[in-house]
1. Between the alpha-carbon centers of the stretch B:301-317 and the stretch B:183-215, tell me the distance in whole angstrom.
2. Would you work out the relative contact order for chain B, in percent, from Cα pairs under 8 angstrom that are 6 or more residues apart?
3. How far apart, in nm, are the 7 Å Cα→Cβ label points at A:H16 and A:D33?
4. Which percent, to the nearest 5, of DSSP beta bridges fully inside chain B are antiparallel?
5. Can you give me the relative contact order of chain A as a percent, contacts being Cα pairs under 8 Å and 6 or more apart?
6. Might you report the magnitude of the Cβ-based charge dipole of chain A about its Cα centre, with Lys and Arg at +1 and Asp and Glu at -1, to the nearest 20 debye?
7. If neighbour count is taken as other Cβ atoms inside 10 Å, put B:D242, B:D301 in order from fewest to most.
8. Would you kindly derive the ³J(HN,Hα) couplings of the stretch B:205-215 from the backbone phi angles with the Karplus curve 6.51 cos²θ - 1.76 cosθ + 1.60 (θ = phi - 60°), listing them in order in whole Hz, with x for Gly and Pro?
Amino acid sequence: MNAPLLRAQNLVKEFHTGGRWSGSAGVVHALSDVSFDIEPGETLAVVGESGCGKSTLARCVTALNLQTSGTLLIDGQNAQDLLRREPLRFRRMIQIVFQDPYASLNPRRTIQQSIGDALRLHRMCKSKEQRDAVTALLERVGLSSDYLGRYPHELSGGQRQRVAIARALAVQPRLMVCDEPVSALDVSIQAQIINLLKEIQKALGVAYLFISHNLALVRHISDRIAVMYLGQIVEIGPADAMRRNLLHPYSRALFAATPEIGRDKTAATPMLRGDVPSPINPPSGCRFHTRCPIARPRCAQEAPLLRELDGRQVRCHFAEEMLPAA
Amino acid sequence: MSALLQVEGLSVQFATDRGPVRAVEDLSFSVAAGETVAMVGESGSGKSTAALSLLRLIEPAGGQVSAGRILFDDVDLLGLSSRQLRGVRGSRIGMIFQDPMMALNPIFTIGWQISESLREHLGLSRRAARDRTIELLQRVGIPAPEQRIDQYPHNLSGGMRQRVMIAMALACRPSLLIADEPTTALDVTVQAQVLALINTLKDEFGMAVLLITHDLGVVWETAQRVVVMYAGRKVEEGSVSDVFERPEHPYTRGLLKTARLTDDRAGPLVEIPGTVPNAFEMPHGCRFAPRCAQAFARCEDGVPPDIKVAVGHDVACLLAERAP
Amino acid sequence: MKSFLHFWRRFRRNRAALVALFVLLAITLIAIVGPYVYTVDPFEMMGRASTPPSKRFWLGTDVSGRDVLAGLIHGARVSLLIGVAASLCATLVGLIVGAVAGYYGRAVDNILMRCTDFFLTIPSFVFAVVLIAIFRPSVTNVTIAIGIVSWPPVARLVRAEFIAQREREYVLAARALGMSDIEIMIRQILPNALPPVIVVSSLLVATAILTESGLSFLGLSDPNVISWGYMIGVGRTVLRLAWWMPAIPGIAILVTVLCINLVGEGLNDALNPRVQRR
């Protein structure tokens, strides 16, 4: 069997807060034991609210942060070894598109310079041909060559996001990490960017790690979905199974909380109480038990493990209760 | 019966380096007592500017109401002195913002900030104001209000701050609450809590709500009527059920289609091509015409009039003329 | 080019800065061309000592009978040269220290910033005096000494800018592309961090001119060149008899420093979008 494009094994990332000398030091458990695979050409969506570790995950996968422990395998090779031996080859395999297109392009560099930087660094083309290569990339993302000499502030949010995608595509990556790529954009523009990403995937076979807070959106666009809460994956499985039903109480609450047009307004939706607890001091046992509508005493003591159920993995002692009555 | 808030022909402009920009043009709508009206639109639609101009909060940013009337309980707010307006702000009209830190002063405790408003507008004693504040904090769902009252805004989470701001806005039991993107910065599970809270309080206090948002799902779940804005103009207005089930304006239709995600993965999402026009290069006629698949020659001639397509359902689109 | 025009349009709006800029350009022109046009040697005795301004000596003579106008023109050269060179020197050091500290953070930042703090704690003028006393007073040494005492504020500013920029997503994107640290610092972050630095270093020119004047006033500057501070130093003993002698170079310093400050303020308005008026 072939190795997956990306395999994350027991990733842990901890940040130290407060000064070493100030005495207020704490440890943020941003990622706790996160494992998943991404196959070539597929989309894995990671969904969760702020503080769930999804952006930290994006940064660990792209080696912008180094994980505290655990391994990342790319095409079967250890990512850290590859990064040390052939950093540019690593960078060529994995690229990232950020949330805020206003911040992800250098305000003092033209579009051609920004995309050209990527081509030049990786010697993707001769310098004479750079202009043509950038033009081709811009066309690939639906922009004309008129934009070559422009600065980011002359572009709309959607156009900037297209440029950011073109820059990532410049090195022909096999995996693109999309960190909330549309949540800063207007609704009418969001669909344009999602469609562009899907079209690129179809044409180039690139895989996506798609980070989002919108479960309804990712159910539409991904092959597999992972739901994260406080640094852990609480449910992960094929999108088909997740569309059929959600088995973790948090996944359910997250989906129910997303306002949806046409839903019966009188139907009582189970609402979560309180806020997400601090990742500096995650609750004992199941990390979700403080807000869980079906929590029992056992949940506070015993941390549930990810286990197979109904075609996916779920981290809940009582997930069976969520199965539709046969 | 006259409306609680009646806005007529409101135009707002900002002075910029490149000349004045009309952020809102000829906007009319009303909010009746006790109802929730949502004003929905994308960035640049003028929805927030319109909301802020109701209480003349745009003046520090260089904005100016250039035409129109804002009748609140039959009194034109534009004619009031700033002193009279201060009496209305906070006591009869409450306002909450996207970023609670805009409304909360970081150097005072939350209790001080709420009770100050109570003492100023209702003339309560220090003791009574404090008791009332604890009651309010409890009402907006803040656990252990007796302790929270002496905390500073930075001690609270985003959702808690939003609750404090709501408590502050509701302190004097206003008859209208203007909520400018109150949940945009919050996580969805917290958003659901805050929206539910606003809804309950609205019923309890019999207050009207003007909700500014870009999220059509939020509109559907909370509002009775909706005003759809595009590039500074109102394009459609009506009851939520009418507008969402029988949208007449091509822009509203497009927005609804993009927002309605199906679980079907096969096809691409429905998209509206193009982008919102630049404020300096506004189309002469219908502002949506350049992006509209159904536009025809007359669309570019002049601003389309409001056409009534059903009771309380208006649309600013020439296509609606054809329908009986 | 386009961005320069944009900058110029904003700069022009500050009238005072615009006038100051033209005055400065005039002073610079005098400093460059003046000595060739007005060829009198400022060290040569031209007439009687301490004569008031007259037809022959427009600005009078000093205690040794030297032409004050010649001193003023030649002195402009030295004062401006030292001012600009010392400011460039300080900016360069500040940029390197601040950029490295701000970009790498942690231990590197700690070490570099403690060094900076050390320099900041010593009164800069006294420090400059000490440096000159140790080394031979020459134009180069004076410039370097002033540079050494004035880089810390630049370093702190640059560090703050780099810290603000280094977590921005465009920097992360450059890192994800595998760009080297040096290239990220120079090509990506520096252009974004530069505007406030330009403002500060333009103001440093004024401070450097004042420091140089102070040093020459104390007789600690290069004895072989004439500067405005040296002229004040010579004239101070006869202040009550011949007030113009120290006053004329004093006014020259005042006008130059004032103009530099006004231009610096104008630069700040034009480069710093935070104070932009709508």
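Where a number appears in this text, it was derived from the coordinates with a stated rule and is not lab data. From a predicted model like this one, the values you see are computed outputs, not experimental measurements. Please note: Cβ atoms are built from the backbone with ideal geometry, for glycine as well, and neighbour counts cover all protein chains shown.
1. 29 Å
2. Relative contact order here is 20 percent.
3. In this crude label model, A:H16 to A:D33 measures out at 2.5 nm.
4. 60 percent
5. Value for chain A: 20 percent.
6. In total the dipole reaches around 700 debye.
7. B:D301, B:D242
8. Karplus-based 3J(HN,Hα) across the stretch B:205-215 equals 8, x, 9, 8, 10, 10, 9, 9, 7, 10, 9 Hz.
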